[in-house]
Amino acid sequence: MDAKIHVSRLGGTATVPPSKSAAHRAVLCAALAEGTSHITNIEYSKDIRATLGAAAQLGAKITEEAHSVTIKGHGTAGGFVTVTRPVFCNESGSTLRFMIPLFSLTAQKVRFTGAGRLFDRPQAIYQMLFERQGLQFEQTPEGITIFGRLRPGGFTLPGDVSSQFISGLLFAAPLMESESSIEVLAPYESRSYVDMTVDAMQQFGVKVASRARKNGSVMYRVAAPQRYTASDFAVEGDYSQAAFLAVLGCVIGGITVTGLNPDSQQGDKVILDILKRCGGKFKPVEGGLHFDRSLLKATEIDLADCPDLGPILFTLGCFCSGETVIRNAGRLRLKESDRIEAMQTELRKMGARIEVDGDTVHIQGVALHAPNALLSGHNDHRIVMALAVAAIASGLPALLCGAEAVDKSWPAFWSVLRGLGAKVELNTDKQEEFDIKA
């Protein structure tokens, strides 16, 4: 699907979607819990549907409603059912990495399949752990096959890998036969995502102890066996998605964003601190935050604990006077696309000055021009949304292909922009072509 973006005047109020990170965790905990759980404020993006499908293959009974889901779980690994078909994870790294340790507890041979670049993303941490226990772990470009039940014990993981590996082990640990410990070595990146995992587990009745050590590592201890217990869980608004509207609001002004928890523990809430450092003007209003047009200035940003903000921070840098420096950006290369290459390539079509030195990105604030070629979304939801914000905030017409990628995390994205006044045409008929001169 192509999106033809016209010059528009925007303003008004928009509600952010539910947190995808929180929803993944709530669905999984509910599927493992004894009893019936109700999860409200949920959006059925492709990633969440992948996790719901995998949860059902573990034996959870799932009833979907418009914006909520009811899940009945079994409470123990002994309640897992026979796995009769591959577990389809679509493009969701969270689904895959959360589910691998859990499905290992079935002691069956299980195959995981997916789409896009999912199996180009590294899984060496699990391969190492499985092989150390003499278990099967085979990865090909088409999928991953595991066979054998992970045993409890002491696990040590480097802190500069995806937090999804740590969370996956934490989810499985209370269902094992005895206590496990998970030591995460320094430097510990993306810890906020693990904090979300621990919070969700504890809301569903599982106790997790954590302790920071003098050497900078963090030790988690999970007693076992424990039982997850049913809980009602309201998914809060997503700060990683709010970032697109927040940046747009600070550039053009007049946008109010609702649906955010001001006391959220989400690591991507740091977007507000980043905007403040850049001179962004916003204030709390009833139910949300109102963003005013701001004279933005460059700052230095450490992406280690908020990698999902990467693409929109590229866009932000283009509107800041001076040189924006984004450090520890290397993990962006391992997402649905190489997000460093994708944003550099596409924003350069609009005149952006972006240089990359290893894991550090330098962005010079310059006036953007209408793209001199078709913009590509690189089959990546966050690339599509960041480029849309760049075009709309610049007051530039643009033609963006691959616009359907937003379905991965925010299916209503285009509708939300239209609700704010953006003039966007979506071409779903592949026999029709838009003129690149929007």
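The values are calculated or read from the model by the stated rules, or taken from the named source; none is laboratory data. Note that the structure is predicted; figures quoted are calculated from it, not measured. All Cβ positions, even for glycine, are placed from backbone atoms using ideal geometry, and neighbour counts span all protein chains on display. The protein model used for the area step is the full one, side chains on, heavy atoms only, and it has no ligands, DNA or RNA in it. Shrake-Rupley method; radii C 1.70, N 1.55, O 1.52, S 1.80 Å.
For the chain, a simple Cβ point-charge model (Lys and Arg +1, Asp and Glu -1, everything else neutral) yields a dipole of about 500 debye relative to the Cα centre.
Shown are Phe147, Phe165, whose ranking by accessible area with a 1.4 Å probe and every protein chain present, most to least, is Phe147, Phe165.
Sorting Thr84, Thr113 on solvent-accessible area from highest to lowest, probe radius 1.4 Å, gives Thr84, Thr113.
Only protein heavy atoms count here; on that basis, with a 1.4 Å probe, His369 has an accessible area of about 80 Å².
The GluC sites (Glu not before Pro) found in the stretch 265-347 that occupy coil by DSSP, while having at most 12 further C-beta atoms within 10 Å, are Glu286. Note that the stretch 158-173 has calculated 3J(HN,Hα) couplings of x, x, 9, 9, 4, 5, 4, 5, 5, 4, x, 5, 4, 4, 7, 4 Hz, one per residue in order, obtained from phi through the Karplus relation 6.51 cos²θ - 1.76 cosθ + 1.60 (θ = phi - 60°); glycine and proline are x. Evaluating kT/(6 pi eta Rh) at 37 °C and 0.692 mPa s, with the Kirkwood radius of the chain over Cα pairs in the Stokes-Einstein relation, gives 147 µm² s⁻¹.
With the cut-off at 31 Å, tell me which of the pairs Lys61/Lys283; Lys214/Lys297; Lys276/Lys423; Lys20/Lys214; Lys283/Lys335; Lys46/Lys276 have Cα atoms farther apart than that. Check vs 31 Å cut-off fails for Lys61/Lys283; Lys214/Lys297; Lys20/Lys214; Lys283/Lys335; Lys46/Lys276.
Ellipticity at 222 nm from helices only: DSSP H runs of n ≥ 4 in the chain, each -39500 (n - 2.57), divided by the residue count, give -9000 deg cm²/dmol. Let me know the shape class of the stretch 300-438, please: from the alpha-carbon gyration tensor, a ≥ b ≥ c as square roots of the eigenvalues, rounded when a/c is under 1.5, otherwise prolate if a/b is greater than b/c, or oblate. Note, shape of the stretch 300-438 comes out prolate.
With a ≥ b ≥ c taken as the square roots of the eigenvalues of the C-alpha gyration tensor of the stretch 249-308, please select rounded if a/c is under 1.5 and otherwise prolate if a/b is larger than b/c or oblate if it is not? Judged from the Cα gyration tensor, the stretch 249-308 comes out oblate (a/c at least 1.5, b/c at or above a/b).
For Thr15, the solvent-accessible surface computed with a 1.4 Å probe is close to 80 Å², ligands and nucleic acids excluded. Among Phe119, Leu52, Phe80, whose Cα sits farthest toward the positive end of the charge dipole of the stretch 46-144 (+1 at Cβ of Lys/Arg, -1 at Cβ of Asp/Glu, about the Cα centre)? Toward the positive end, the furthest listed residue is Phe80. Starting from the stretch 100-155, pick out the GluC sites (Glu not before Pro) whose DSSP state is loop and whose Cβ has at most 14 other Cβ atoms within 10 Å. Qualifying residues, ordered by number: Glu142. For the stretch 327-388, the alpha carbon positions stretch 29, 25, 14 Å along the principal axes, listed from largest to smallest.
Output the relative contact order of the stretch 294-405, whole-number percent, from Cα pairs under 8 angstrom with separation of 6+ residues.
Normalised by residue count, the contact order of the stretch 294-405 is 26 percent.
Ordering Leu289, Ile301, Ile363 by the projection of their Cα atoms onto the charge dipole of the stretch 279-429, which places +1 on the Cβ of Lys and Arg and -1 on the Cβ of Asp and Glu, puts Leu289 at the extreme positive end. Charges were assigned to the Cβ only: +1 to each Lys and Arg, -1 to each Asp and Glu. The resulting dipole of the stretch 322-368 about its Cα centre is roughly 100 debye.
Couplings 3J(HN,Hα) of the stretch 334-346, computed from phi: 10, 9, 4, 9, 6, 5, 5, 4, 5, 5, 4, 5, 6 Hz, in residue order, whole Hz [Karplus 6.51 cos²θ - 1.76 cosθ + 1.60, θ = phi - 60°; x for Gly and Pro].
Give the percent of DSSP beta bridges with both residues in the stretch 59-182 that are antiparallel, rounded to the nearest 5. So the antiparallel bridges in the stretch 59-182 amount to around 75 percent.
What share of the DSSP beta bridges in the stretch 140-263 is antiparallel, in percent to the nearest 5? If I count the DSSP bridges inside the stretch 140-263, around 70 percent turn out antiparallel. Protection proxy ranking for 354-366, 383-395, 37-49, using the average of other Cβ atoms within 10 Å per residue and placing the highest first: 383-395, 37-49, 354-366. Less than 5 angstrom separates the built amide H of Gly237 from those of Ser19, Asn261, all sequence-distant by 5 or more or on a different chain. Working note: Karplus 6.51/-1.76/1.60 with θ = phi - 60° gives the stretch 16-32 the couplings 6, x, x, 5, 5, 4, 5, 5, 3, 5, 5, 4, 5, 4, 5, 5, 8 Hz, where Gly and Pro are set to x.
Under the classification rounded if a/c is under 1.5, otherwise prolate if a/b is larger than b/c and oblate if not, where does the stretch 1-52 fall, given a ≥ b ≥ c as square roots of the Cα gyration tensor eigenvalues? Prolate, since a/c reaches 1.5 and a/b exceeds b/c. Ordered from largest to smallest accessible area (heavy atoms of protein chains, 1.4 Å probe), the residues Leu157, Leu135 come out as Leu135, Leu157. The gain in end-to-end length when the Arg293 to Val81 segment is fully stretched comes to 70.9 nm, 0.36 nm per residue minus the alpha carbon separation.
For Phe88, the residues 5 or more places off, or on other chains, whose built amide H falls under 5 Å of its own are Thr113. Each DSSP beta bridge with both residues in the chain is either parallel or antiparallel, and the antiparallel ones are about 70%. Charge dipole of the stretch 1-160 (Cα centre as origin; +1 on each Lys and Arg Cβ, -1 on each Asp and Glu Cβ, all else neutral): 100 debye, rounded to the nearest 20. Under 5 Å from the amide H of Gly279 lie the amide H atoms of Lys297, each residue being 5 or more positions distant or on a separate chain, with H modelled from the backbone and absent for Pro and chain starts.
Applying a DSSP loop filter and a limit of 11 other Cβ atoms within 10 Å to the chymotrypsin sites (Phe, Trp or Tyr not before Pro) in the stretch 259-360 leaves nothing.
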